[in-house]
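In what follows, a structure is listed as structure tokens, so that the remarks can point back to it.
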Amino acid sequence: MSNLPKSLLDLDYAELGQLLFSYGVKKHHTKALWRAIQFFGYTDLSEAGLLPPLQKWIAENVGPEKPYFIEQPEQVEEIHSGDGMTRKYLLRLSDGQVIETVLMGYDGRFTACLSSQAGCAMGCVFCATGQMGFVRHLRVGEIVAQILHVRRALAKSHPHRRLRNIVLMGMGEPLHNYDAVMKAMDIASDRAGSCIGPSHIAISTVGLVPNILRMAEENRPYRLAVSLHGSKEEERAALVPASKKWNLEMLIDACRSYCSTTGKRIFFEWTLIDGKNDSPETAHRLAALLQGMDSHVNIIPLNPTNGFSGTASESGLEFQKILRESGIPCTFRQRRGIDVAAGCGMLKAERLRKQLPAS
Ligand code: SAH
Ligand code: SF4
């Protein structure tokens, strides 16, 4: 085992208890330490007013030059959208990698959009993160740290509101980093911690078929969102290279199997790209593809990137109308916070272009 310092945010409740026990601290102290870290979000545990046995353990073991630390990514930049409802944080991890975390507040509900990887291996042609390539998976603690970061920000701006929802729709492909993402969400939904209801957590995937099936087998309590973007193979593969490995037929089969095993609905994400996947024929084919499945389609026009542009609202509404008339529940979402470069990975891409401090 390496002697590198370890993040306490990598641990779940049971592991924290075992750690304390291995140092001779009684297990019944676990809850107080867990709450200090995961509910109150202390970054300096000496300020948490804990009982002497914990204080002693912390003084000896947590902090610079000690075996354990609490992850606290440095905030490189915070950008607010014009309407003030979206805040985007550019966070620098301990190895210098920079990721994006977003806090959105609409209809009185606050949602955090988290990153699961630095970069992404899936290479979707319209996605700024995909165009950066894959750098590395995030650790559990680096995912949990994003939640605590936005909760601290929220506590300052809206002291009486709490974070209610999480979406894994930031940088990276969550099902490519399956174990870390699932453990981080188990920690996020712990009632003595951030206490986000499991059905308020949505994991968005570009379609990693084996791990969609695994989510079903393991009966994970989270919502599944699948980024579809094409209703026939050529259309999808031209936008989403991962479709060459897990093609549309395999993906739809996996989704049907997910629905029947879990009894849950699947959310399909559809990024409308001008001239690529926004025709009425595509909409009719999509409706046929999803017939009989418990699904909901979220349509959202692309945030322009890489020479691609979003579909105009009238055509987007027409697309929605076709789906609705075919009996497919569907929502046409406005682009949120486009002025803060809110598309996945777009802020970091912009910083890299301008050579401002990023990774
Ligand atoms: N890798 C996962 C989750 C992160 S991307 C996935 O692909 O689902 C989250 C969502 O943002 C996906 O639906 C993706 O297609 C979409 N997206 C990426 N770039 C975008 C852009 N420029 N404008 C709008 N949506 C975008
Ligand atoms: Fe990766 Fe999702 Fe971007 Fe595709 S859309 S490159 S899967 S982050």
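The values are calculated or read from the model by the stated rules, or taken from the named source; none is laboratory data. Source: prediction; values computed, not measured. Cβ coordinates were reconstructed from backbone atoms using ideal geometry, including for glycine residues, and neighbour counts include every protein chain displayed. In case anyone asks, the SASA skips ligands and DNA or RNA and just uses the protein heavy atoms, side chains included. Shrake-Rupley method; radii C 1.70, N 1.55, O 1.52, S 1.80 Å.
Calculate, for the chain, the solvent-accessible area per residue in square angstrom, rolling a 1.4 angstrom probe over the heavy atoms of the protein chains.
Heavy-atom accessible area per residue stands at 44 Å².
Just to verify a number: what accessible area does Tyr106 come out at with the full protein assembly present, 1.4 Å probe, Å² rounded to tens?
40
Treat each spin label as a single point 7 Å out from the Cα along the C-beta direction, and report the Ala48 to Ala288 distance in nm.
According to this spin-label approximation, the distance is 5.8 nm.
Which whole-number percent gives the relative contact order of the chain, counting Cα pairs below 8 Å spaced six or more residues apart?
15
Can you list the HN-Hα couplings for the stretch 81-98, worked out from phi with the Karplus curve (6.51, -1.76, 1.60; θ = phi - 60°), rounded to whole Hz and with x for Gly and Pro?
Once rounded to whole Hz, the list reads 6, x, 7, x, 8, 10, 10, 10, 10, 9, 10, 9, 7, 5, 8, x, 4, 10.
How much FRET efficiency would the formula 1/(1 + (r/R0)^6) give for Glu60 and Thr261, where r is the Cβ-Cβ distance and R0 is 45 Å, rounded to 0.05?
Calculated value: 0.40.
Would you please give the residues with an amide H less than 5 Å from that of Gly119, counting only those at least 5 places away or on a separate chain, with H modeled from the backbone geometry?
When sequence neighbours closer than 5 places are left aside, the close amide H contacts are Val135.
Have a look at Lys88, Lys183, Lys245 and tell me which one the Gaussian network model of the chain (Cα, springs below 10 Å) gives the largest fluctuation.
Most flexible of the set in this elastic network: Lys245.
So who's got an amide H within less than 5 Å of the one on Cys195, skipping anything under 5 residues away but keeping other chains? H placed 1.01 Å off N, in plane.
When sequence neighbours closer than 5 places are left aside, the close amide H contacts are Asp190.
Read phi for every residue in the stretch 303-312 and hand back ³J(HN,Hα) as whole Hz from Karplus 6.51 cos²θ - 1.76 cosθ + 1.60, θ = phi - 60°, with x for Gly and Pro.
Each residue's phi maps through the Karplus curve to give 7, x, 8, 6, x, 9, 10, x, 6, 5 Hz.
Among Gly207, Gly193, Ser81, whose Cα projects farthest towards the positive end of the dipole of the stretch 74-355, with charges put on the beta-carbon of Lys, Arg (+1) and Asp, Glu (-1)?
Gly193
Got a number for carbon plus sulfur as a percent of the chain's accessible area, 1.4 Å probe?
Reported share for carbon and sulfur atoms: 52 percent.
Hey, can you list the DSSP H helices of the chain whose Cα span along the axis is 24 Å or longer and whose average Kyte-Doolittle score is at least -0.5?
140-157
May I ask for the Rg/Rh ratio of the stretch 150-234, computed from Cα atoms with Rh as the Kirkwood radius, given to two decimals?
1.04
Run the reach check for Lys232 against lysines, Cα to Cα strictly under 17 Å, same-chain hits fewer than 8 apart removed. What comes back?
Lys232 reaches Lys244, Lys245, Lys276.
Given the C-alpha centroids of the stretch 11-49 and the stretch 106-137, what is the distance between them in whole angstrom?
With the stretch 11-49 and the stretch 106-137 each reduced to a Cα centre, they are spaced 31 Å.
Using modelled backbone amide H atoms (1.01 Å from N, in-plane), which distant-in-sequence or interchain residues come within less than 5 Å of Val167's amide H?
Ala112, Cys113, Leu114, Ala202
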